[in-house]
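Notes to accompany the following structure.
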Amino acid sequence: MVEAKHGEARIAPDFLFSGPDAPEESDLYKCVHCGFCLQACPTYLETGLETESPRGRIALMKAVNEERIGMTDSVIRHWDLCIQCRACEVACPSGVPYGSLIEATMAQVERRRKPGALARFAENVSLNHVLPHQGRLKLLMSAAKAYQRSGAQSLVRKSGVLRRLAPSLADMEASMPRVSSTYFSAKGQTVEAEGEARARAAILSGCVMPLVNGPEMDAVVRVLARNGCEVVAPERQVCCGAIHSHVGYLDAARKMARRNIDVFSEAGVDAVVVASAGCGSRMKEYAHLLRDDPQYSEKARRFSDMVKDIHEFLVELPFVPPRAALDCRVTYQDSCHLANAQRITSAPRRILDSIPGMEFVELPNAGRCCGAGGTYTITEREFSLRVLNSKMDDFETTGADVLTTANPGCLMQLQYGIAERGLPAQVKYVTDLLDEAYRRERSG
């Protein structure tokens, strides 16, 4: 890490920030270390360690920027443990854009990191050759569906062989989401509005959600159509790039952003509606991602202005309140990238409050991360479950039958938590309940 030059020790360039994706100094030095972020940060709350807080992580970024320390494995470890929930941005009185800082930092880490050949191969295949290609991802999910429905999964779990041979792999297998019986496919189809058309909206299919939550995506389309929207699903759209951004693959994220901008801009729509909070956050920030691209910076700005979260879009329409009642007790977990990045908290609650017969109860610490964090639940499994355990403690106090949320990663994480505790509750999207109420109107 240290090189000698003219008789003095200095940090090797590979261990320092460099290039166009380095954290911006003007953003780094906005942090005045006031500490307001501490009580908002899930990793700090779990550990009580300064180095596991936004303030501590920024201090490490500053130290690298000033060449006082290098990007050693111990320094990188503190950045890796960040869930990137961005709750600190909401708490920060100085307006520090922590999301941009950690994203840029992880891009620097990715260049520096030297994993084993097998780990690098697996990462490259999954991020560059599977996630961006819906057909390949569908093949993988079909294999997972066959594993779940053939009895093989039940046999593996009952035997305990995987737990004995590879405990970490067994943990991942235990949290494997149930693959949908049907998939949602973006094939260029158009769904007509019910009644008089009020808007024309394109829907992001995304990568994982249409395969794991196909019926739930169909529910989103029905809800939009019920509220007078003509819905189109452009065929050539791709993954939003959120996962790639989180782990430092910014060039790959930019490539996907350009593709989506071109595809959706050709659709002739009033809005691009997104049902996944993480995807919506990434797409609303395409303007920042492509800020240095002379061909796309302005296109990205216009496109980002068109992106709407499904709850935000429905409330702005406004949506038609359902007339049929649902008899259940419901609570809501704020998905981090909806509440913290997009600053949308009231819209999902307004939708839930509009459903007759349903009792809504606030979840304690609803804005605190559930520990999903995209790939975090895989790469930092132990800590992810530690954060989830705190969330489940809060949920149990509500006595709710249904726990709602707004992001597929959160949905899968919360489903795992409820299953592990054996709780008699379901996890659903807010739009699932709205769709159910609308369908009861028709049948009633």
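The values are calculated or read from the model by the stated rules, or taken from the named source; none is laboratory data. Quick caveat: nothing in here was measured; it's all calculated off a predicted structure. Cβ placement follows ideal geometry from the backbone for every residue including glycine, while neighbour counts extend to all protein chains displayed.
One residue is enough: does region 136-146 have a residue meeting the conditions over 18 Å from PRO210 (Cα atoms) and loosely packed, with under 12 Cβ neighbours inside 10 Å?
No: zero hits.
Looking at region 386-412, which of its residues are assigned to a helix (DSSP H, G or I) and either farther than 19 Å from ARG178 by Cβ or free of Cβ contacts under 8 Å to residues at least 60 places away in the same chain (or both)?
Answer for region 386-412, where residues must be assigned to a helix (DSSP H, G or I) and either farther than 19 Å from ARG178 by Cβ or free of Cβ contacts under 8 Å to residues at least 60 places away in the same chain (or both): ARG386, VAL387, LEU388, ASN389, SER390, LYS391, MET392, ASP393, ASP394, PHE395, GLU396.
The conditions are (1) over 24 Å from LEU250 (Cα atoms); (2) not assigned by TED's automatic domain parsing to the domain that holds ASN227, and GLU380 fails exactly one of them. Which is it?
Just one mismatch for GLU380, condition (1).
Go through (1) exposed (fewer than 13 other Cβ atoms within 10 Å of the Cβ); (2) more than 26 Å from ILE310 (Cα to Cα) one by one and return the number of the condition THR182 breaks.
(2)
Could you grab me the full set of residues in region 322-351 that are assigned to a loop (DSSP other than H, G, I, E, B) and either closer than 18 Å to CYS369 by Cα or small (Gly, Ala, Ser) (or both)?
ALA324, ALA325, GLN333, ASP334, SER335, GLN342, ARG343, ILE344, THR345
Name the residue that is surrounded by the most Cβ atoms within 10 Å (Cβ to Cβ), counting only residues in region 236-257 that are among the charged types (D, E, K, R) and under 20 Å from the mean Cα position of the chain (by Cα).
Here the residue is ARG254.
Could you say whether any residue in region 288-298 is in contact with a Leu (Cβ under 9 Å, 6 or more places away or on another chain), under 23 Å from PRO97 (Cα atoms), touching a residue at least 12 places away in the same chain (Cβ under 8 Å) and surrounded by fewer than 23 Cβ atoms within 10 Å (Cβ to Cβ)?
For region 288-298, residues in contact with a Leu (Cβ under 9 Å, 6 or more places away or on another chain), under 23 Å from PRO97 (Cα atoms), touching a residue at least 12 places away in the same chain (Cβ under 8 Å) and surrounded by fewer than 23 Cβ atoms within 10 Å (Cβ to Cβ): present.
With more than 19 Å from ALA406 (Cα to Cα), small (Gly, Ala, Ser), touching a strand residue (DSSP E or B) at 6+ places or on another chain (Cβ under 8 Å) and crowded, with 20+ Cβ neighbours inside 10 Å as the only criterion, which of ALA277, ALA233 stands out?
ALA233
Please specify each residue of region 203-229 satisfying the condition of being over 26 Å from PRO177 (Cβ atoms) and buried (at least 19 other Cβ atoms within 10 Å of the Cβ).
Across region 203-229, the qualifying residues are ALA225, ARG226, ASN227, CYS229.
A quick yes/no check of all residues on (1) within 27 Å of GLU230 (Cα to Cα); (2) outside the structural domain of VAL238 (by TED's automatic domain parsing):
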position	(1), (2)
ASP293	no, no
GLN333	no, yes
LEU352	yes, yes
PHE360	no, yes
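Go through region 32-47 and count every residue that is within 17 Å of LEU385 (Cα to Cα) and not acidic (Asp, Glu).
Counting residues in region 32-47 that are within 17 Å of LEU385 (Cα to Cα) and not acidic (Asp, Glu) gives 6.
Considering only residues that are in a loop (DSSP other than H, G, I, E, B) and not basic (Lys, Arg), which ones fall in region 39-78?
Passing the criteria: CYS41, GLY48, LEU49, SER53, GLU66, GLU67, ILE69, GLY70, MET71, THR72.
Wholly within region 143-235, which helices (runs of 4 or more DSSP H) include no fewer than the required count, namely at least 3 residues that are under 20 Å from the mean Cα position of the chain (by Cα)?
Helices (runs of 4 or more DSSP H) meeting the threshold: 209-212, 214-226.
Within region 193-201, is even one residue closer than 23 Å to ASN407 by Cα and crowded, with 17+ Cβ neighbours inside 10 Å?
Looking for residues that are closer than 23 Å to ASN407 by Cα and crowded, with 17+ Cβ neighbours inside 10 Å, one finds at least one in region 193-201, hence yes.
Could you say which residue among ARG77, ARG86 is among the basic types (Lys, Arg) and buried (at least 16 other Cβ atoms within 10 Å of the Cβ)?
Result: ARG86 is the single residue among ARG77, ARG86 that is among the basic types (Lys, Arg) and buried (at least 16 other Cβ atoms within 10 Å of the Cβ).
Tally the residues that are of a type in the set (Ser, Thr, Tyr) and outside any helix (DSSP H, G or I), restricting the search to region 420-440.
1
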